[in-house]
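The values are calculated or read from the model by the stated rules, or taken from the named source; none is laboratory data. Fair warning: this is a prediction, and the values are worked out from it, not measured in the lab. Reconstructed Cβ throughout: ideal geometry from the backbone, glycine too, with neighbour counts over all protein chains shown.
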Amino acid sequence: MVDAASFKGRDIISMRDFNREELDFILDKATEVQPLAEKGSDLLKGKILATLFFEPSTRTRLSFESAMLRLGGGVLGFAEPKVSSVAKGETLTDTIKVVESYADVIAMRHPSEDAAVVAAEAASIPVINGGSGPWEHPTQALLDLHTMRAAKGGIDGLTIALVGDLLYGRTVHSLAVALRNYDVKVYFVSPPELRMRKDVIDDVKGRLDYVETGDLKAILPKLDILYATRVQKERFSDPADYEKVKDAFRIDRAFLAGAKKDLVVMHPLPRVTEIATDVDDTPHAWYFRQARHGIYVRMALLGLVLGAL
Ligand code: NCD
């Protein structure tokens with residue numbers, strides 16, 4: 001049985017570590033703490049979150065910090081490796097071993113794929129992965145699921161397209177793996193160069209009803225959720241390869257004329273050119289509300305891993 005005690009002290013590293021019961025438990029908790037986001041709370045008074053961000057971030061870091069502050073806890077950390085001792089050659093393991101004596105929980109983003117695992121092994125306090133290179137972004141997947149529940153009343157039965165950079169986009173890796181726990185139909189929509197990463201395909205095969213395609217227009221009328229992503233420029237070794245695919249999909253109001261009236265358009269943000277701003281004031285646009293759900297999900301996670309919920 002899953003209960004709050006099963007999350008106390010736990011690291012949140014990969015969506016591969018969570019089954020449906022656990023995911024639903026976290027999402028229910030996120031709904032439960034939602035009123036605390038408005039009112040404020042003392043639930044985590046005296047606890048400290050360290051945010052160690054070795055890669056750029058706006059939403060993930062700020063919403064972790066906002067979540068902690070709304071629960072009455074404190075925050076410290078850095079948003080830039082240049083200002084930490086990493087710039088002097090300190091290893092990640094050493095940084096973690098020091099930070100764990102200053103904080104009760106760590107949220108970390110790092111360009112290397114195995115950094116979250118390495119940090120969790122080094123730390124005696126819970127580590128939450130806020131993005132590990134192109135590998136995973138589990139808390140984003142949770143807030144994506146939470147947004148789907150808010151927009152559609154549930155996840156089972158939905159037809160969902162994950163669109164854009166499925167090779168380097170960590171949000172779609174975590175989301176695809178999370179979705180294998182639900183009864184959904186998923187289209188992986190990308191240019192051939194940016195097809196869904198092989199290890200994700202291996203992990204969802206036989207457990208997720210999915211189709212790979214490059215033709216968004218053809219499947220658009222079937223969709224309940226269109227989840228667009230940015231082409232991850234920083235992960236390309238050759239800029240010419242990025243130039244070839246950077247404008248693979250551009251979703252604007254005219255394009256959405258072919259969609260269901262209640263199609264929900266999501267995006268982890270930041271967007272570049274994938275979604276035109278003329279979509280923002282249509283009922284399809286859920287991406288800014290989606291970012292708001294990050295607060296609820298991160299409040300729930302912090303409360304759970306610190307044993308306060
Ligand atoms: C994403 C990320 O960092 O992976 N942003 C986010 O956390 N909301 C998506 C991206 O950078 O494209």
Practice prompt. For residue 218, indicate whether it is of a type in the set (A, V, I, L, M, F, W, C) and either in contact (Cβ under 8 Å) with a residue 12 or more places away in the chain or not in a helix (DSSP H, G or I) (or both).
Written response: no
Of (1) away from the ligand (no atom under 16 Å from the Cβ); (2) surrounded by 16 or more Cβ atoms within 10 Å (Cβ to Cβ), residue 64 fails just (1)
Filter pass, residue 161 being touching a residue at least 60 places away in the same chain (Cβ under 8 Å) and within 19 Å of residue 275 (Cα to Cα)
yes
From the option list 202, 262, single residue qualifying as over 24 Å from residue 291 (Cα atoms) and surrounded by fewer than 22 Cβ atoms within 10 Å (Cβ to Cβ) is 202
- Is it fair to say residue 230 is in the same structural domain as residue 265 (by TED's automatic domain parsing), crowded, with 18+ Cβ neighbours inside 10 Å, among the basic types (Lys, Arg) and within 14 Å of the ligand (Cβ to nearest atom)? yes
Taking first residues from the stretch 115-131 that are on the phi > 0 side of the Ramachandran plot and second residues anywhere that are of a type outside the set (Lys, Arg) and crowded, with 24+ Cβ neighbours inside 10 Å, the pairs with Cβ under 6 Å that are 6 or more apart or on different chains are 131/137
Note on the stretch 281-301: residues in contact with a strand residue (DSSP E or B) (Cβ under 7 Å, 6 or more places away or on another chain) and either within 15 Å of the ligand (Cβ to nearest atom) or not assigned by TED's automatic domain parsing to the domain that holds residue 152 (or both) are 286, 287, 290, 301
Original post:
away from the ligand (no atom under 16 Å from the Cβ), in the same structural domain as residue 14 (by TED's automatic domain parsing), at pLDDT 95 or above and within 22 Å of residue 13 (Cβ to Cβ): does that describe residue 204?
Top reply: no
